[in-house]
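This report refers to the structure that appears directly beneath it.
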Amino acid sequence: MEPLKIATVQFETRDNDKVYNLSVIREMCRKASAEGADVVAFHECSVCGYTFAKDLSREELLAIAEPIPSGESTRALIDIAKEFAITLLAGFFERDGDRIYKAQVCVDGSGLKAKYRKLHPFIHPNILPGDQYVVFEIKGWKCGILICYDNNIIENVRATALLGADIIFMPHVTMCTPSPRPGAGLIDPVLWENRENDPTTLRQEFDGLKGRAWLMKWLPARAYDNAVYVVFSNPIGRDYNEIKNGCSMILDPFGDIVAECRKLGDDFVIATAIPEKLRQAGGYRYRNARRPELYADIIGQPHESNQKVAWLTETTNSK
């Protein structure tokens, strides 16, 4: 493997405006390519928007979902990848017959490289969960994808790493939502609208326990424990009735942040993945020291998944 230059992007998605969102995706890819990026990664549902879907009917959601790879959005992403000679990851709702999934695709100029379906969807009761992990190659690097909540289940990250992933792309729409945990909560939209006049107060909210400080409790551990590169992508600004804080970042196998978006607006950063770090990191040694005979039966015992998302109300969950 040769060093791989990866860009992670944050931008303010417009709800159900694929034309606009794809135009931003194209522009960010143009800029990142000009700076030498081999790969450009975008957040969950970056093509169509995300949280607005919770208030759609099944028919409305089905109408905006698209087949993969024959749908217009996949073809548009392939065209962008081909235009700038990059590999591109972005997401939207997938339609497979009358079934709906939350998908993230990886494409290059030759077509679809990989498709991943979110294992733990929750934004709408008619979105079905995926049932498999995905590992694929980008220029010799083995890569996986886990979408948002999937990364909160630590077994998903370990399983993807054990399947050979050197890099895990983690597209999100997260942070700045109500929760029982101390310090959690929504961002006042007035702070976002006033960000040019008062960036300090907004940054305090974004970086505190509502946002980045919570992320730092667990995201570096996913990279460190599994000795993988983590590419975290998250929107910034309005997402339906919420404000998101961006801070898209890339972490190396040591769990160190090697690049992070810090602008209060659309932005991207680039970091170079270096093969040597994969085996230098402590997580590589710890994975080799595992004794699965002690806990394979414990971890694999039957369990009924009971997924509850704190910030979704019972009214929303019953739709």
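The values are calculated or read from the model by the stated rules, or taken from the named source; none is laboratory data. Because the structure is predicted, anything quoted here is derived from the model rather than measured. Note: ideal-geometry Cβ built from the backbone for every residue, glycine included; neighbour counts use all protein chains shown. SASA here: full protein model, heavy atoms, side chains in, ligands and nucleic acids out. Shrake-Rupley method; radii C 1.70, N 1.55, O 1.52, S 1.80 Å.
Under the Karplus relation 6.51 cos²θ - 1.76 cosθ + 1.60, θ = phi - 60°, what is the ordered set of whole-Hz ³J(HN,Hα) values for region 247-261, x standing for Gly and Pro?
6, 4, 8, 10, 10, 8, x, 7, x, 8, 6, 9, 6, 8, 6
List the lysines whose Cα sits under 26 Å from the Cα of K54, skipping any in the same chain fewer than 8 residues away.
Counting by Cα, and skipping residues close in sequence, K54 has these lysines nearby: K18, K102, K115, K118, K210, K244, K308, K319.
For W192, W214, what's the largest-to-smallest order of accessible area, 1.4 Å probe?
Numbers: W192 5, W214 50 Å².
Listed by decreasing accessible area, they come as W214, W192.
Round to a whole number: what % of the accessible area of region 1-112 belongs to carbon and sulfur, probe 1.4 Å?
Answer for region 1-112: carbon and sulfur cover 46 percent of the accessible area.
What is the set of long-range amide H partners of F169 at a cut-off below 5 Å, with H atoms built 1.01 Å from backbone N?
Answer set, sorted by chain and number: G144, I145, L146, V231.
Give, rounded to the nearest 20 debye, the magnitude of the charge dipole that region 179-272 has about its Cα centre when Lys and Arg contribute +1 at Cβ and Asp and Glu contribute -1 at Cβ.
Numbers: 11 positive and 14 negative charges, 47 e Å.
Dipole of region 179-272, to the nearest 20 debye: 220 debye.
Considering only protein heavy atoms, what per residue accessible area in square angstrom results for region 1-122 with a 1.4 angstrom probe? Intermediate values should be presented prior to the final figure.
Details: 4430 Å² over 122 residues.
Ligands and nucleic acids excluded, the figure is 36 Å² per residue.
Which length gain, in nm to one decimal place, applies between N152 and S110 when the Cα-Cα distance is subtracted from 0.36 nm times their residue separation?
Here the segment from N152 to S110 would lengthen by 11.8 nm.
Check which residues have an amide H placed less than 5 Å from I138's amide H, if you skip close sequence neighbours.
Long-range HN contacts for I138: C143.
Using the structure shown, list the pairs from K31/K82; K82/K139; K31/K277 with a Cα-Cα distance above 20 Å, or answer none.
Details: K31/K82 14 Å; K82/K139 15 Å; K31/K277 27 Å.
Beyond 20 Å: K31/K277.
From the phi of every residue in region 123-140, what ³J(HN,Hα) in whole Hz does the Karplus formula 6.51 cos²θ - 1.76 cosθ + 1.60 yield, where θ is phi - 60° and glycine or proline is x?
Running phi through 6.51 cos²θ - 1.76 cosθ + 1.60 with θ = phi - 60° gives 5, 8, x, 8, 7, 8, x, x, 9, 7, 7, 10, 10, 8, 10, 10, 6, x Hz.
Work out how much length S179 to R287 would gain on full extension: take 0.36 nm times their residue separation and subtract the Cα-Cα distance, in nm to one decimal.
Length gained between S179 and R287: 35.6 nm.
From the backbone phi of region 159-173, what are the Karplus-calculated ³J(HN,Hα) couplings (6.51 cos²θ - 1.76 cosθ + 1.60, θ = phi - 60°) in whole Hz, Gly and Pro given as x?
So the Karplus estimates, Gly and Pro as x, are 4, 5, 5, 5, 6, x, 5, 8, 10, 10, 7, 10, x, 9, 10 Hz.
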